[in-house]
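Reading through the structure tokens given below for one structure.
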Amino acid sequence: MPLYESVYIARPDISATQVETLTADMTKILEENGGKVVKDEYWGLKSLAYRIKKNRKGHYSLLNIDCPPAALSEMERNMRIHEDVLRYMSIRVDEHDEEPSVMMQSKSNRDDRDRDRGRGRDDDRPKRDSGDTPAVSASASASDTPASDTKETEE
Amino acid sequence: MSRRPFFRRPKSCPFSGDNAPKIDYKNVKLLQRFTSERGKIVPSRITAVSAKKQRELATAIKRARNLALMPFLIN
């Protein structure tokens, strides 16, 4: 049976437990049609990058599915009908990754985020264009005191 | 720094190599580094992503946009 990854966004008005039952419903539909859900994740209430049906937020859920194509289209049909589902996307994948996805990891270590962002900027800079950095340092030394200027020539 | 003005050091693709990150539509933080401030996909000649990986990256960004994880445009 082919492997699928399915993400859906539920309406923000409903509670997290309702999202869980929605996931359970979809799992039941898949199982009735001879498939199975390998893993399901609830990413939580996240803000959307743009408004969908006047909503600014949504409950994100991910399902890793192993099912025949007919079962997936049946689940998608049910998602289309369901009012609480704002959007869904199912894609076929060659393999499922066993560990929790990036979304769950970023949720668990939210404290590390600032440090992560700083590091990301650091390895971004030299890659972009090398011609940028000397210009910045030159302008900085021009505006700075002569003391810092001498320090730079020493380096 | 005595560097020639138009010297370009050879750039390497950020997605090839041993511990290269995997392109995934769920990894928004990674994808955001390859989009402009307005949300456009940055051309590979600037980011030095290889042609094959750039196609993969574009698909991932478009998937993330569809799921409202990334914006189509920022005003």
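Some points to look at:
- Of all lysines in the structure, those lying under 21 Å Cα to Cα from A:K107, and not within fewer than 8 positions of it along the same chain, are A:K39, A:K46, A:K57, B:K22, B:K26, B:K29.
- Listing B:L73, B:L30, A:L45 from fewest to most neighbouring C-beta atoms within 10 Å gives B:L73, A:L45, B:L30.
- Taking amide hydrogens as placed 1.01 Å from N in the peptide plane, the amide H of B:T35 sits under 5 Å from those of B:V42, each at least 5 positions away in sequence or on another chain.
- Simple spin-label estimate for A:Q105 and B:S16 in nanometres, 7 Å along Cα-Cβ: 2.4
- Max mean-square fluctuation residue, GNM over chain B, Cα-Cα springs under 10 Å, options B:K52, B:K62, B:K40: B:K52
- The calculated FRET efficiency for A:M89 paired with A:D66, based on their beta-carbon distance and R0 = 25 Å, is about 0.90.
- Model label zone, B:R55; criterion: amide N under 18 Å from point 7 Å along Cα-to-beta-carbon; scope the stretch B:1-40: B:13-16, B:23-25
- Near-label residues of the stretch A:61-91 by backbone N, under 11 Å of a point 7 Å along Cα→Cβ of A:Q18: A:83-85
- Loop-resident sites, the stretch A:1-103, for GluC sites (Glu not before Pro), counting at most 14 other Cβ within 10 Å (DSSP): A:E83, A:E95, A:E98
- In terms of overall dimensions, the C-alpha atoms belonging to chain B reach 47, 34, 19 Å along their principal axes, ordered largest to smallest.
- For A:K39, distant residues with modelled amide H under 5 Å away: A:N64
Values quoted throughout were computed directly from the atomic coordinates according to the rules given, and no laboratory measurement underlies them. This structure is a prediction, so every number in the text was calculated from the model and none was measured. Counting neighbours? That spans all protein chains shown, and the Cβs are built from the backbone with ideal geometry, glycine included.
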